[in-house]
Amino acid sequence: MGHMKLYETGAYLINGRDVVIDSPEAALAVESKTGKAVNKKEAAENTIAYGILKEHNTSGNMDKLQIKFDKLTSHDITFVGIIQTARASGLEKFPIPYVLTNCHNSLCAVGGTINEDDHMFGLTCAKKYGGIYVPPHQAVIHQFAREMLAGGGKMILGSDSHTRYGALGTMAVGEGGPELVKQLLNKTYDIDMPGVVGIYLTGEPMKGVGPQDIALAIIGEVFERGFVKNKVMEFVGPGVSSLSVDYRIGVDVMTTETTCLSSIWRTDDKVKEFYEIHGREEDYKELNPGEVAYYDSFIELDLSQIKPMIAMPFHPSNTYTIDELNANLMDILDDCEKRAQVSFDGKVDLDLKSKVRNGKLYVDQGIIAGCAGGGFENICDAADILKGCSIGADEFTLSVYPASTPIYMELVRNGAIANLMETGAIVKTAFCGPCFGAGDTPANNAFSIRHSTRNFPNREGSKVQNGQVASVALMDARSIAATAANKGYLTSAMDMDVNYSKPKYFFDKTIYENRVFDSKGVADPSVEIQFGPNIKDWPAMSALPENMVLKVVSEIHDPVTTTDELIPSGETSSFRSNPLGLAEFALSRKDPLYVGRAKEIQKAQKAVEAGTCPVDAVAELKPVMDTIKAAYPDVSKENLGFGSTIFAVKPGDGSAREQAASCQKVLGGWANIANDYATKRYRSNLINWGMIPFIIDEGSLPFGNLDYIFLPGIREAIADKKTEFEAYVVKDGKLAPFALKMSPLTDDEREIILKGCLINYYRG
């Protein structure tokens, strides 16, 4: 695209302004501009990211990092599992500030006490172990972190994938729960030094273009080609200073959807002012790259060229300009319907073309919410667009969720809330519901536009297996407000003549002082943890056996499988504190037969653990075992384990929820087989739950669904640091050999898999 240039080769940045794209002549060009000889390795150490990683690395080796974070944060889908794992592994107190927010199940679809029981578990744990507890509806996790936790040059680890506070000068990483457990037990986050991608911004956005538009434009360009995958995105260049801090935050939070590891931005006086407004000026730190910094890859982006964008269902990278969509409406809607056929395996028909009325696209629902949309500036601009309008008395609805109570209070004081409510919009409390399918689920076949983080299938709460399907497109709050002002007909904010009032933000922390429990880091061991009847301990898990028989119980050929498909969000999350209860929903919206099949083969493993005969427990195993024993007579129940595996092309895009892996594990999963893993965090989750992250070369599979795979000497092969494994398909009385591979493991990761899971590893 004209507005964005991607350079695989990398680039030098001089004094934060002059760019020299890497080439054989680049070093000379840099020397002529600076008068100094340039060394690529030294210049790579001058990025902001390198400096922060170096400060937090404990290994003494900058190629193999062992990071200790400054602070941790979790929400109520994840904190119960994390604390339960940490308790089982010997937790005594939280060693660093750990914030527990309650923004995910503050509304609960299943009824009963289980939701509030989890909140009370969180409060009593914050008291017992010395943490911070944010009650329901007070703030979404990332807004609280921005307001109260972020600090210049600091690092924060969160158990939500959108843990991103780069715009405030904080390198934040979203990971699965077990990585937070390691930090709680004073261990480290182990990772190879990531590549750093320079995102060089110039110009300033046009009127009506919001942060989501910039973010979607970037995601649309980089996601498919994996340009920033597992790297750090570093935002530099003169264009940064043209953006308000709220705006930067809005772009930054969406970097997760590029599959990068983390993000960091240069900071300036505007960021300093942000910290001053929040009464924490001492936490500001000016961050800039060194005189000559080298980036492994590079993106140039002219902000003034970006137009209002829309990401059509079912991925944030499925992007168009709104103008482009309106000009090619039927063709693009047809394409989306075809995508739906793939996503839903042809089980339901999505009919978007019926949404076209008089040549315009009619939208059923608009939502501005959460860590991406619920910021002060987004809502003020939306209120300005809608002032004096009506959203109409037809199907179209508009809901707005400010991201924290302090933002809500300020919007009440400056009148923006009244302006919105007058139009017919509903203003709700800080809640992540629209982001994970637990609130504002549209009608069947309805089309929703949202300023939120994701538009994956089922993220809006519909249930394909029940024949209910809705879809979400991502847009910026401004264009959502413009659409609402036109009573639901899709409209770009650039088409509106609005005078944006840009009121000043005043942060009032009184509500937090009144309501948030802050232990100030003091643990009180005398506090009894409050357990509800649904909060269950993790079941016992076996060590990795010497040999293994795996049954393939699901085979998925979608290009990417999201963690939402592996374990659906929405009302299922209500069971998040009960590992076996939640596991009943694993793959339910993708492959409803998975759970039953996994449980069936698990019976064989349970028989082994009980010292009884696995073949008696699962009769289907008799011919399988006869075939194996003919070639490997020494294999017996004393040295053999049984379990399930799944094949997916590229699993793990999306949420950091460890349940995507732990649900497979508690149902007897021992491995995943994939062509590639979409994110580091999903692969880490598999390993931490003692599951082997196998990879297999692309092409036709040597096995199919319901086949048995035999892995002789698997324990020894893992212990010997092998990356290729002997495997056999057991079929028709024969052993057909094939190769499985695995990317290298760290020593700790290897030990975790051998022990059977992280809990076993820490128990010794």
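The values are calculated or read from the model by the stated rules, or taken from the named source; none is laboratory data. As the structure is a computational prediction, the values presented were derived from the model and not from experiment. All Cβ positions, glycine included, derive from the backbone under ideal geometry; neighbour counts span all protein chains shown.
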| field | Residues of the range 412-431 classified as out of contact with any strand residue (DSSP E or B) (no Cβ under 9 Å at 6 or more places or on another chain) and under 12 Å from A382 (Cα atoms), total | value | 2
| Of all residues in the range 58-82, how many are within 15 Å of K182 (Cα to Cα), among the polar types (S, T, N, Q) and surrounded by fewer than 24 Cβ atoms within 10 Å (Cβ to Cβ)? | 2
| Would the range 473-485 turn up any residue that is in the same structural domain as D349 (by TED's automatic domain parsing) and either in a loop (DSSP other than H, G, I, E, B) or modelled with pLDDT under 90 (or both)? | yes
| request: Kindly establish whether K347 is basic (K, R), more than 30 Å from S501 (Cα to Cα) and not in a loop (DSSP other than H, G, I, E, B). | output: no
| Condition broken by D331, with the remaining ones in (1) touching a helix residue (DSSP H, G or I) at 6+ places or on another chain (Cβ under 9 Å); (2) assigned to a helix (DSSP H, G or I) satisfied | (1)
| note | Within the range 293-309, the residues that are surrounded by fewer than 23 Cβ atoms within 10 Å (Cβ to Cβ) and either of a type in the set (D, E) or over 18 Å from L201 (Cβ atoms) (or both) are D296, E300, D302
| said: charged (D, E, K, R) and either closer than 19 Å to L180 by Cβ or modelled with pLDDT under 95 (or both): is that true of D707 in this structure? | reply: no
| message | Of the residues T85, T124, T163, only one is among the hydroxyl-bearing types (S, T, Y) and surrounded by fewer than 24 Cβ atoms within 10 Å (Cβ to Cβ); which? | response | T124
| message | Considering only residues that are modelled with pLDDT of 95 or more and farther than 15 Å from I695 by Cα, which ones fall in the range 734-748? | response | K734, L735, A736, P737
| With I673, I646 as the choices, which residue is surrounded by fewer than 24 Cβ atoms within 10 Å (Cβ to Cβ) and hydrophobic (A, V, I, L, M, F, W, C)? | I673
| Restricted to the range 59-83, and to residues that are among the small types (G, A, S) and closer than 18 Å to F121 by Cα, which residue is modelled with the highest pLDDT? | S74
| note | Of the candidates H162, H137, the one satisfying the condition of being within 22 Å of the chain's Cα centre (by Cα), part of a loop (DSSP other than H, G, I, E, B) and more than 23 Å from T563 (Cβ to Cβ) is H137
| Given the conditions (1) under 27 Å from the mean Cα position of the chain (by Cα); (2) surrounded by 20 or more Cβ atoms within 10 Å (Cβ to Cβ); (3) over 18 Å from R87 (Cα atoms), which single one is not true for R576? | (3)
| Do we find a residue being of a type in the set (A, V, I, L, M, F, W, C) and modelled with pLDDT under 95 anywhere in the range 110-124? | yes
| query | Just for the range 30-58: of the residues that are part of a loop (DSSP other than H, G, I, E, B) and modelled with pLDDT of 95 or more, which one is nearest to G370 (Cα to Cα)? | reply | T47
| message | Would you confirm whether or not the range 223-230 contains a residue that is in contact (Cβ under 8 Å) with a residue 60 or more places away in the chain and more than 19 Å from F298 (Cβ to Cβ)? | response | no
| query | Of everything in the range 591-643 that's of a type in the set (D, E) and either under 26 Å from V464 (Cβ atoms) or not assigned by TED's automatic domain parsing to the domain that holds A661 (or both), which residue is surrounded by the fewest Cβ atoms within 10 Å (Cβ to Cβ)? | reply | E600
| What do you reckon, is F647 under 24 Å from F585 (Cα atoms), outside any loop (DSSP other than H, G, I, E, B), of a type in the set (F, W, Y) and in the same structural domain as Y728 (by TED's automatic domain parsing)? | yes
| request: Looking for whichever is modelled with pLDDT under 95 and assigned to a helix (DSSP H, G or I) here; the options are S662, S636. Which one fits? | output: S662
| request: Could you tell me which of the residues Y362, Y401 is buried (at least 24 other Cβ atoms within 10 Å of the Cβ) and over 28 Å from K590 (Cα atoms)? | output: Y401
| query | Quick check: anything in the range 548-555 assigned to a loop (DSSP other than H, G, I, E, B), surrounded by 15 or more Cβ atoms within 10 Å (Cβ to Cβ), within 29 Å of the chain's Cα centre (by Cα) and touching a residue at least 12 places away in the same chain (Cβ under 8 Å)? | reply | no
| said: Which residue is modelled with the lowest pLDDT, if the candidates are limited to the range 536-586 and must be among the acidic types (D, E) and either touching a Leu at 6+ places or on another chain (Cβ under 8 Å) or assigned by TED's automatic domain parsing to the domain that holds L711 (or both)? | reply: E571
| query | Of everything in the range 404-454 that's surrounded by fewer than 24 Cβ atoms within 10 Å (Cβ to Cβ) and of a type in the set (D, E, K, R), which residue is nearest to the chain's Cα centre (by Cα)? | reply | D440
| said: Could you check the range 228-247 and list, in sequence order, the residues that are buried (at least 24 other Cβ atoms within 10 Å of the Cβ) and among the charged types (D, E, K, R)? | reply: E234
| Set V608, V595: member being within 27 Å of N115 (Cα to Cα) and modelled with pLDDT of 95 or more | V595
| request: Scan the range 514-523 and give yes if some residue there is hydroxyl-bearing (S, T, Y) and within 21 Å of D117 (Cα to Cα), otherwise no. | output: yes
| task | For G60, state whether it is more than 30 Å from A583 (Cβ to Cβ), more than 20 Å from the chain's Cα centre (by Cα) and without any contact (Cβ under 8 Å) to a residue 40 or more places away in the chain. | result | yes
| query | Does T267 qualify as being on the phi > 0 side of the Ramachandran plot and either free of Cβ contacts under 8 Å to residues at least 40 places away in the same chain or crowded, with 21+ Cβ neighbours inside 10 Å (or both)? | reply | no
| task | Please find, among S262, S244, S297, S317, the residue that is among the polar types (S, T, N, Q), closer than 27 Å to R17 by Cβ and within 19 Å of the chain's Cα centre (by Cα). | result | S262
| Conditions (1) in a loop (DSSP other than H, G, I, E, B); (2) buried (at least 22 other Cβ atoms within 10 Å of the Cβ); number of the one not met by G112 | (2)
| Can you find even one residue in the range 735-748 that is in a strand (DSSP E or B) and crowded, with 23+ Cβ neighbours inside 10 Å? | no
